[in-house]
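Below is one structure, written out as structure tokens; comments come after it.
No value in this document is a laboratory result; all are computed from the given coordinates. Keep in mind that what you see is a predicted model, and the values were worked out from it rather than measured. As a convention, Cβ positions derive from the backbone with ideal geometry for all residues, glycine included, and neighbour counts pool all protein chains shown.
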Amino acid sequence: MTGFVLRRLLQAIPTLLAVVTASFFLIRLAPGGPFDLERPLPPAAMANLARVYGLDQPLWVQYLRYLGSVLRGDLGPSFSFRDLTVAELFARGLPVSMTLGALALSLALILGIGLGTWAAFRRGRAIDRLIGLMAASSLALPTFVVAPLLQIVFGLTLHWLPVGSWEGGAPSHLVLPVLTLALPQIGALARLTRASLSEVLSAQYIRTERAMGLPPGRIVRHALRGALLPVVAILGPTAAALLTGSVVVETIFGLPGIGRYFVDGALNRDYTLVMGTVVLVAVFVILLNLASDVLSGLIDPRLRLAR
């Protein structure tokens, strides 16, 4: 298992380098700069700012300097939040994004696997069709449509929940964002669990257990163990989708997470903030996919040998 993990980490290094390189040069191609204001600064001031932040250097020099800084763990200063570094901004926003993502993933796993299991044991019945319809609807509606609908219904109409802000981290402010972020993943997990479990329930060993009169609870446990392997395999991409999807959700609900900082950085051409977010998200995606592969390998050792 150790060798497997090391191989995957070594394979991830070129991927991370490619993401950083592409992002660095693409953001430089966007029109405008970090110090372009409605009232332009004097040329001397612009030249001084460019010199201070190293923007007067050739692009390849800036790239190599940035790579060296990242390797040292220094993501640089923020251009739009002048008194803070990118690392300090992440120290503020990452706990919010992690809390939002962890709650959304937990909700998606509980409801998605639960609904998929229920549908698999009620194949062809009304509840199976209803769960399938709900899953398809949750996948079809994008988060930027679901979020305002939930705000209108539960916030502005029923006045049950706040529609945004954070206000000291009150749990009620996270209900609608977590639900918005989790809904598509609930649908995806429900459909995958239903399809996988339906296939396992048709297997010979499950039919044998039923013929032997084993309790339904034991049959469910045996069936789920085989059916959840595909679910575990997509846990990494699912968690990554929640992390990237928080960009829209945090912006709509006004949560001070890294997704909102990313949007502000992109609008203000804050090169270091955008690049820092890209690096952080890329590292999380790689680690989450690695964790998913390790879990899959623990469940089925044949997968480790295949890779």
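Candidate membrane-span-like segments in the chain, meaning DSSP H helices with Cα atoms spread over at least 15 Å of their own axis and a Kyte-Doolittle mean of -0.5 or above, are 2-29, 59-71, 86-121, 126-140, 172-201, 216-227, 235-253, 271-299, with no membrane implied. Rounded to the nearest 20, the size of the Cβ-charge dipole of the chain about its Cα centre is 1320 debye, with Lys and Arg at +1 and Asp and Glu at -1. Note on the chain: helix-only mean residue ellipticity at 222 nm, from DSSP H runs of 4+ residues weighted -39500 (n - 2.57) and normalised by residue number, equals -24500 deg cm²/dmol. Comparing Ala203, Val279, Ile27 along the charge dipole axis of the chain, the residue lying farthest to the positive side is Ala203, per the Cβ-charge model.
Per q in 0.15 1/Å, what log10 I(q)/I(0) does a Debye calculation on the alpha-carbon atoms of segment 58-196 return? The computed values of log10 I(q)/I(0) come out as -0.87.
In terms of Cα atoms, the Rg and Dmax of segment 137-196 work out to 13.3, 42 Å.
I want to verify the translational diffusion coefficient of segment 186-251 in µm²/s; compute it with Stokes-Einstein, Rh as the Kirkwood radius over Cα pairs, at 37 °C and 0.692 mPa s. Calculated translational D: 241 µm²/s. Across the options Val178, Leu139, Ile219, the greatest Cα extent toward the positive end of the charge dipole of segment 94-306 (unit charges at beta carbon of Lys, Arg, Asp, Glu) belongs to Ile219. For the chain, a Gaussian network of Cα nodes joined below 10 Å ranks Ala136, Ala182, Ala203 by mean-square fluctuation, and the top entry is Ala203. For the chain, the equivalent ellipsoid derived from the alpha-carbon gyration tensor has semi-axes of 44, 26, 14 Å in decreasing order. Can you figure out the FRET efficiency of Glu199 with Thr157, using R₀ = 45 Å and their beta-carbon distance, to the nearest 0.05? Once the sixth-power term is evaluated, E becomes 0.60. From most to least packed by mean Cβ count within 10 Å, the peptides 280-292, 146-158, 108-120, 83-95 give 108-120, 280-292, 83-95, 146-158.
When the Gaussian network model of the chain links Cα atoms closer than 10 Å, the mean-square fluctuations of Val278, Val70, Val96 top out at Val70.
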